[in-house]
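Input: a single structure, listed below in structure tokens.
The values are calculated or read from the model by the stated rules, or taken from the named source; none is laboratory data. Since this is a predicted model, take the numbers as computed values, not measurements. No Cβ is skipped: glycine too gets one built from the backbone with ideal geometry, and neighbour counts run over all protein chains shown.
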Amino acid sequence: MKLPVHPARVSPYSEQVSPRRLPSYRFNRSGHRNAGSVDDWVIELELGRSYVTITKELARVMSRIKALYRSWAIACSCTSVYPPRHRAEWLDNIPEPGVRLRAERFYQQLDLLQAVRQQARRALLTESRKHHAVKLLRQIPSLGPIRTALLVG
């Protein structure tokens, strides 16, 4: 049984659209509602979140690698620490075998995360190309493809 609601207690915001339902009200240029825009929006939102998370984790692993070398008083101010062709030189600078093994594990993480990040980037850009707003936002000089995809998502 529903109790009657006093008119003064009715919120003026009760008629507003929930932010979760907002994407279903997106319209195309001709004024018609887009079919399936909620699913597209959610997919792009999750792709954007995963890309940002993977990028942050990749930066953390890179910081861990440099911190490992610095903890052994090995100067590493450049980015030549990361590419596979220079790794053997850098690993030879570590005298302790256990620490060298730890650095190799960090390099394994780095390689895997770089591959996953590229997959996430491709998926995000592929999904963002479906939106008309991306073409308009890309005309702004300071907005690149990733930032535009994150804005739309």
Check on Leu124, touching a residue at least 60 places away in the same chain (Cβ under 8 Å), touching a helix residue (DSSP H, G or I) at 6+ places or on another chain (Cβ under 9 Å), among the aliphatic types (A, V, I, L, M) and not in a loop (DSSP other than H, G, I, E, B): yes
Leading residue by the ranking (farthest from Ala67 (Cα to Cα)) among those in the range 91-119 that are within 26 Å of the chain's Cα centre (by Cα) and small (Gly, Ala, Ser): Ala115
Which listed residue, of Arg60, Arg117, is basic (Lys, Arg) and touching a residue at least 40 places away in the same chain (Cβ under 8 Å): Arg117
Matching entry among Pro141, Pro84, Pro145 (being surrounded by fewer than 11 Cβ atoms within 10 Å (Cβ to Cβ) and in contact (Cβ under 8 Å) with a residue 12 or more places away in the chain): Pro84
Evaluation of Arg26 against (1) in contact with a Phe, Trp or Tyr (Cβ under 8 Å, 6 or more places away or on another chain); (2) within 28 Å of Ala123 (Cβ to Cβ); (3) at pLDDT 90 or above (one fails), failing number: (3)
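Residues are listed down the side, and each one gets a yes or a no for (1) assigned to a helix (DSSP H, G or I); (2) modelled with pLDDT under 95; (3) acidic (Asp, Glu):
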position: Leu47; (1), (2), (3): yes, yes, no
position: Arg100; (1), (2), (3): yes, no, no
position: Ala133; (1), (2), (3): yes, yes, no
position: Ser142; (1), (2), (3): no, yes, no
position: Thr148; (1), (2), (3): yes, yes, no
